[in-house]
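The values are calculated or read from the model by the stated rules, or taken from the named source; none is laboratory data. Here the structure is a predicted model, which is why all the values come from computation and not from measurement. Glycine also receives a Cβ, built like all others from the backbone with ideal geometry; neighbour counts cover every protein chain displayed. SASA here: full protein model, heavy atoms, side chains in, ligands and nucleic acids out. Shrake-Rupley method; radii C 1.70, N 1.55, O 1.52, S 1.80 Å.
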Amino acid sequence: MFVQKINPLTGEADWVLVNDPGLGDEDDASADLVATSSYLDMLTDSRRNAAYAAALRRVIPAKQRAATAAAAATPASGAAAPAAEGSAAAAVATAQGVRVLDIGTGTGLLAMLAARALGVQTAAPVEGAAAAAEGGKEGGERGQEGAGKAPTAPLDAPVVACEVFPPMQTLARRVIASNGLAGAIRLVDKRSDEIKLQTAAATAAPAGDSTAGRQAAARAKLAAAAAGGAANLEPDMSEKVDVIVTEIFDSELLGEGMVPTMRHAVQHLLKEGGAVIPATSRLYGQLLQCPLMANMTGLRSAADGSAATPWSGPDGAAAAANHVLGTLAAMDAAAREAFYKGDELYEVREMHVDLLTSSSAPASSSSPAASAPAPGSGSPLLVPLSEPFPVFDFDWAAPPPASGRKATIQVPVTADGTAHAVLLWWQLGMTKEGPAEAAESGSGSGEGPALLLSTAPEWVQGRPEAGGDGGPLGGFEQRWRDHWKQCWAQLTPEAPALRAGDSVSLRFEHDDLNVRTRMLGAHLASTPTSTSTSTPAAGPASTPTPASSQVQAGAAGEAGAYAGPHAGPHGAHPTAHAKEVLAALRAEAAQSARLMPLLNCLAPQALLQLGDRPRLASFGRALQAALDSAASASSSPSPSAAPGAEVVVVDGSLALGLLAATHPGVASVTLLQESSMAAGEWLTAAAERLGVASKIRSVRAEAYFKRLAARPSAAAATASAPAASGATATATAGSAEASTSGAVATAVAAPVAAAGPVPLVLAAEPYYSEFEQLVPWAHLKFWRDFDVIRDATAGKAKGAKGAGAKGGAAAAGAAGGAQGPRPVACFPSGARLMAAAASLPELWRTRCALDNIEGLDLSTANAVLGVVGGEDEPGAEGGSKEGAEPSGKDKGQGQGKSKGGNASGSGDDDEDVWGDDDGSGSDDSAGGGGKGAARQPLPVLPYSIWQAGGGYEELSERSKLLRLDCSSHLDDVEGGAVLTAVRPGVCHAVVLWMDYDLSPPSGSGRSELSVTTGPLPNGGPTAAVQGVYLLRKPYEVKPGSRIHVEANFDGLDADIAVDVMLLP
């Protein structure tokens, strides 16, 4: 297989060939991909495992009894077919002819549970399971990429398992072999819709015995040749199966392709009357009040975007931030209203919501993440407004058609509030429970309880009729799990206020992969308390009021400065000429119809961050400080005579770019963005609304740096004079052609002479959408961009890592000529890696080492899945070295291992990463040998702490590990700190994040202006992602306990390696 490696500094991607993925070898580039996946989380979900095991124990014996009864009732018609060889023959005999297909087997757990339910006798486990992977190695050497992995059981094996992900194919072979079931489970390295059955002609007689047989064989060869070779000639199963078991459900239920998969499998792979596990699914919904969700679906700001004098007053930066965000919020409200006026429905998104029912808004209510549903800090962030209601039912033995389905549902409102969203979850009916099956399964009654597995929120659990879990799963309390979350979707452009007794009409639809929804209207039982006079009267329940008339009043009230009848363009005075006002309103209406809502351009996390006014105001103050610094470094006789500055926003931040363009001391702004028509249209429209269209443009980052590399001094040469006042931009954000080929130095044409060189300000938030779900330091790409532009401005090519003088705040501009050096300032000027020791019990539990699961030994998987915990190992107590773990490696990066490597001796001689090096020097990492095998180190995990299972508590003060000087050249940096516990507790992790200094550090070494990506101390919701280093074993601390953390930043690939030492 190929694994993609992304360098976060450059954004460039390479593909690495991995011949033996999933073996945990030192050179296995797929190791981090597997270690950070959800496979381990699924295996530690005990209720999930118990539900599937119980369902198999019910369904398979019933099928066996039915097969036995049918065989007894049918007279023999001839000689029996010869039995299969080896252990498979005994397995088939024991299974009484019943066969099972496991679709998407992963580690092979469900296939092994099926084999055990069939009564298959286990053989002796393969020592180390090494032999189970040999077929994979040989197949890789032949370049067949999985196709050459020979199944370990014959065609008539009682269980067939298919898996398409190469690392899990290898791991499943090892796990199955270690449990002695290799002869009973046939593992097929294909998707289920690629599985081929043995033809009737092949089973009846050799091809040479009949003309029909020869013709069938010839057709098969031709088809195989067209499909890619002789490997496709071989059948994968001898016949259709009696039972299909699968767990290809995501949080949305359908996103992993369950509908098309079962549509094919039921038709082509399942016998008539066969069973599917799970048998049914039901999607549930519930109305919610949750301002956090509202702020993740659109930019909502109470600020007035029509401010006439931004950058004035005692805090001009805050006024400018309000001006920019107020304008964007009004435009987004109009775009949402226009876009969703027709039949457009809202997509669903996933989120853990349980924490929100007990969390309260932090003291700072200006951040959109901190908005509370009611005044005061004691209100929960989420309030249900209705009872749960069913949405769609799925019978997996009769999947819905490809055209999908639609439903309109009347939902009674049970509590007062604002309907921001609908929450969705699903409930699996594991079996089609009838009286006979219930009695046979040992329930002791004619109507045994149904086996129900649910992703319902905690306030619904225990209520099967409302979508919670149910059935004989006692002893398996449903605990937090990350592989399944709840889902949610907004309902209207602006959420309506509802009261208990009202009802709303919701429309839902689904296709093969997605669920969508929207509110059609509301029936108001009583007139709500409101200052609006345009709220429509309540209609009859059978004909709900259209959502458009219900919502428009709220939109106009909130965005009156933009859409009100007396508002002119850019905050024009109400007495402006009526024709001009009308023309402006028509132009804005046309523009709103053209713009996509911001939710269609930005991820919810980015929208939440965009709406943070205090944060943007901090960047405004940083901009002012950078302009002052550049002016003081200018060769002009006085700062007031300095030319207007050029600002380059290297991460393409829309709000930051517009904020800079509104500053009177800025002559031009260039946003380095990826090619996006929607983003370009937003920049163009917002710049026009703010009156700065002549000052700002976007350029594709790739084109910008390509031009910069070709002509290093171009930027300095063409920027040696200020922009002419009122000059027209050479390239607008809406022109893709101009953005690709325009000059890289300035956005204006025809510069005029000036007293000195144009100051250059480099800026970033920093935020890159492609790295949104990675560890915080993945966003350090801006530092590399700063470095390249500074070197080009100075007229020199970028040298080796670390080359050049420190302190680039005023780099020499060789191209400035007689006018002297070009002043250069940047923000952030530095980045600090911060850390805190913390309790994270639920996240740690889901990453814990595997042992016995439903009577099967899964410890072989520990060598690959990146686990923590497990049985005691040398060096696990105080004073142990937790190990140097790779960090910043996500599924999208997969960039090898940091120092330490495997504990088998492949790393540094004095390091025992996991405490399991016996000193023998033997390398058992590829042996897959259960408890004694070397483990794949767990990378630092990217998590938003508020989505990491709850129980978060910081046990130490927040400490700086290292500081990166972003005003100088990119280089390696080392640092560390001792985290001293200030309160007792159990430490599970060291949490890591970046604080960005927006101004140079003062004499005390601290920046007076900074922003953080850290978690809230109470674990509440934020827009940022943190890094989580899980300790190998929980560490009970008391005040004064110490944990030493060492960090090393690699300037070549922006990676940070972390060492943790528990001090005595």
Next item on the list: Keeping every protein chain in place, order Lys1033, Lys406 by accessible area at 1.4 Å, biggest value first, i.e. largest first.
Entry: Lys406, Lys1033
Next item on the list: Provide the solvent-accessible area of Ile1043, counting protein heavy atoms only and rolling a 1.4 Å probe, rounded to the nearest 10 Å².
Entry: 0 Å²
Margin query: I want the local charge near Ala1047. Using Cβ-Cβ distances under 9 Å, sum +1 for each Lys or Arg and -1 for each Asp or Glu among the other residues.
Written below: -3
Notebook entry, point to check: Could you list log10 I(q)/I(0) for the stretch 967-1064 at q = 0.16, 0.17 Å⁻¹, which the Debye formula gives when each Cα is one point scatterer?
Noted result: -0.91, -1.02
Next item on the list: Would you kindly state how much longer the chain becomes between Arg983 and Gln267 on full extension, computed as 0.36 nm times their sequence separation minus their alpha carbon distance, in nm to one decimal?
Entry: 251.7 nm
Next item on the list: Taking all protein chains together and a probe of 1.4 Å, list His988, His1044 from the most accessible to the least accessible.
Entry: His1044, His988
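Per-residue counts of other Cβ atoms within 10 Å, averaged by peptide: what ranking do you get for 774-781, 168-175, 607-614, highest first?
Details: 774-781: 25.9, 168-175: 29.2, 607-614: 22.4.
Ranked from most to least packed, the peptides come out as 168-175, 774-781, 607-614.
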Margin query: Calculate the FRET efficiency for Ala678 and Ala397 from the Cβ-Cβ distance with a Förster distance of 56 Å, rounded to the nearest 0.05.
Written below: 0.85
Note to self: Give me the net charge for the shell around Gln198: Cβ to Cβ below 14 angstrom, other residues only, Lys and Arg +1, Asp and Glu -1.
What the structure shows: 0
Margin query: As an exercise, use a Förster radius of 45 Å and the Cβ-Cβ distance of Ile409 and Glu234 to find the FRET efficiency, rounded to the nearest 0.05.
Written below: 0.40
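Find how much the distance from Glu702 to Lys960 grows on full extension, using 0.36 nm per residue of separation minus their present alpha carbon separation; answer in nm with one decimal. Before the final figure, lay out each step's value.
Numbers: separation 258, 0.36 × 258 = 92.88 nm, distance 3.39 nm.
Using 0.36 nm per residue and subtracting the Cα-Cα distance, I get 89.5 nm.
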Checklist line | Stretchable slack from Ala71 to Gln624, in nm (0.36 nm times residue separation minus alpha-carbon distance) | finding: 190.5 nm
Checklist line | Using a Förster distance of 56 Å, the FRET efficiency for Glu477-Glu194 (Cβ separation, nearest 0.05) | finding: 0.90
Notebook entry, point to check: For Thr68, what accessible area in Å² do you get when you roll a 1.4 Å probe over the heavy atoms of the protein chains, rounding to the nearest 10?
Noted result: 70 Å²
Check: With each label point set 7 Å from Cα along the Cα-Cβ vector, what nm distance links Thr357 and Leu1052?
Finding: 5.1 nm
Check: Arg57 accessible area, nearest 10 Å², 1.4 Å probe?
Finding: 130 Å²
Check: Tally Lys and Arg at +1 and Asp and Glu at -1 over the other residues with C-beta under 10 Å from the C-beta of Phe782: what net charge comes out?
Finding: -2
